[in-house]
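Scroll down for the structure; my scribbles are underneath it.
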Amino acid sequence: MNDMVRETWPEKPRVSTATISRALHGSLITVKQTRNIPVNRNSATTKQHRERYAAWMLNTGMAMHRVYVDETGLNLHLSRSRGRAQVGERAARVVCGQRGRNMTVILAISDRVGVVYYEIVWGGVDVERFRVSLENLSVVLDLKQRLGQVQGTLDDRGAALAAGHRGIGTWRSAILEELADQAMAAITQEKVAAAYQHANAFIGACLAREDIWAE
């Protein structure tokens, strides 16, 4: 930034980098972790799709029991990118020398239930594997049943899946799978409902086709 200031105003007196840092800090501008945003996040096509979805939500979706399904990859090397340490010391952590196998969690959530269903898959997930997971979800989430009956079915299915996964792989795989199972308990119905409410806060911006930068 100091180089940019000197190029923009070459006739002005030169200032140090520390002076610029203090000026930015005084304007409540601080150094933050950068986040990658897809280039098509606010494209015309994306805004059109968001507008249609927001209109559907207002007219129909709000009254429905909506279940969202997605997948994410996990590995033992996943960790926080920031940490605290004393001045003059590095924030370091000890990690395994080998990354081990990647694991994919396919998760379905609902604001009425919390975690509806999840599967642990070793390796990546292609279209065909994701289709199988959706078929498994349709067995678990029988929409003709009442919500209270669905919860019992989910518990039975989750127990069967857990029993099937116990014999997998190396100790690294076992650790990663155990951590994933523990994480599911932290996804409560209250947290999912709060996430739904957070998403609904963007409906107005979607209808207005505004740029959306927040997650």
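Values quoted throughout were computed directly from the atomic coordinates according to the rules given, and no laboratory measurement underlies them. As the structure is a computational prediction, the values presented were derived from the model and not from experiment. Because the Cβ atoms are built from the backbone with ideal geometry, glycine has one as well, and the counts that use them run over all protein chains shown.
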Response to the item:
Whole-Hz Karplus couplings 3J(HN,Hα) for segment 105-117, θ = phi - 60° and coefficients 6.51, -1.76, 1.60, Gly and Pro as x, run 10, 9, 10, 10, 10, 8, 6, 8, 10, x, 7, 7, 6
Discussion item. Under a crude label model (7 Å from the Cα following the beta-carbon direction), how far is R82 from N59 in nanometres?
Written reply: 4.3
Fill in: Added length on full extension, which subtracts the Cα-Cα distance from 0.36 nm per residue, V69 to N200
45.4 nm
